[in-house]
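Data first, discussion second: the structure below is written as structure tokens.
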């Protein structure tokens, strides 16, 4: 019954948005409220483990929306401002020209795949996405190609790195539950993630149903001016600002993993390596570098940031509403129901971990909940069956990326940035994340044959 309710909720949401063209934010909040009413009627709604009633529904929705925006609003907001400040000064155009001079127009997809995979090893999907998106948009305008031709390889590559590899939160968290080596998990993960990610990134934009889509770039996130060469900042300065948050986040993570540090140094690196602080530092540098030092007044720079913020307002609301929908599903006990149902299944431990993560992902939308719950169920099987704990981590993590759809806040970020309607976003993102999960599991089984 709980899974049927989830399915009905998704169907209602799709009807509201696709048939009646209801705003995504309103539709998500409305459906989340209806599911919460069902949970109250069946006695399954809880808050902090205690039974909840209709008076608790606003709190659950607010907590879900606030929790989602608390982790993404600063990152997306700062990233959008950096991109717009760089775009209005011509820095994004300079980077795009440099990429084209190295890879050529025919190699622009490879440029995005390589950049995304290098950046995505240590950076969260959302952080890397908002950093690379302005470059992708500028490349699209320079080459006059389809937005998805450039943007999709970037997104797929980032999804792959985020899903498979420590130090990303999902794989890192379950590595502890499985008592797996983080370093060995990373090594195994790279063996699977690189070929699988590259294959999907290069194939998906060429699929017939994707090529039929021709979305326009979202307004307000990119400068409209086409700069003359003499108006552009230097390539060195442009790349320096773009890569600064990457250097801070990746450098901090690498130093903390490889060096013996005092507690004070550990704290400083943790601060500088946090996405929020790294992006704030990069924005401050961009303001100076592409403002007064580039003959642009502070008023002009402030206008660029304001326009970026306005462009992001609805995107952030929709992402937050996706978090509210996810929180209602969690509070309604869907995860516990799935855990109880699958606990007695007699399957290969690798497949069991994967399929539980897939079911949780479909039902709840949260990859974090899916991966941690699936690992909690499957962890005892590592000792009982002798399965490789590192491969168990990868099987669980790649299962949690499958079937991204309307209850996944990341789905809405993808949809809004690429200016797709719901049907198009489902056709593109849901299919590529599911293919990524399936091929990831195939890679896990192949590695299992080699190392066992």
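Some notes on this structure:
- Distance between modelled label sites at residue 12 and residue 199, nm, 7 Å Cα→Cβ extension: 4.0 nm
- Geometric extent, Cα atoms of region 226-362 - Rg, Dmax (angstrom): 23.0, 68
- Rounded tilt (10° steps) of 235-258 against the dominant C-alpha axis of the chain: 30 degrees
- Sorted largest first, extent of region 338-452 alpha carbons per principal axis (Å): 48, 32, 17
- For region 135-235, relative contact order (Cα pairs under 8 Å, six or more residues apart, normalised by length) works out to 35 percent.
- Applying 1/(1 + (r/R0)^6) with r as the Cβ-Cβ distance of residue 438 and residue 261 and R0 = 45 angstrom yields a FRET efficiency of 0.65.
- Sequence ranges 327-336, 247-256, 192-201, ranked by mean other-Cβ count within 10 angstrom, highest first: 327-336, 192-201, 247-256
- Contact order relative to length of region 59-137, as percent, for alpha carbon pairs under 8 angstrom and 6 or more apart: 44 percent
- With an a/c value of 1.5 or above and a/b not larger than b/c for the gyration tensor axes a ≥ b ≥ c computed over the alpha-carbon atoms, region 1-65 is described as oblate.
- Per-peptide average of other Cβ atoms within 10 Å, ordering 103-111, 144-152 highest first: 144-152, 103-111
- When peptides 364-372, 379-387, 55-63, 131-139 are sorted by average Cβ neighbour count within 10 Å, with the highest value leading, the order is 131-139, 364-372, 55-63, 379-387.
- Counted over all Cα-Cα pairs of region 49-108, pairs farther apart than 16 Å make up 67 percent.
- Global geometry of region 323-392, whether rounded, prolate or oblate, following the gyration tensor of its Cα atoms and the 1.5 cut on a/c: prolate
- Each Cα pair under 8 Å and six or more residues apart adds its separation to the average, and for the chain the resulting relative contact order is 24 percent.
- Between helix 263-272 and the chain: long-axis angle, C-alpha atoms, 0 to 90°, nearest 10: 70 degrees
- Three-way shape call for the chain based on the alpha-carbon gyration tensor, with the a/c threshold at 1.5: prolate
- Put simply, region 101-197 fits an ellipsoid with semi-axes of 29, 12, 9 Å; these come from the alpha carbon gyration tensor as the roots of five times its eigenvalues, largest first.
No lab work stands behind these numbers, since they all come straight from the coordinates. Given the structure is predicted, the values throughout are model-derived calculations rather than measurements. Using ideal geometry, Cβ is built from the backbone for each residue, glycine included, and neighbour counts are taken over all protein chains shown.
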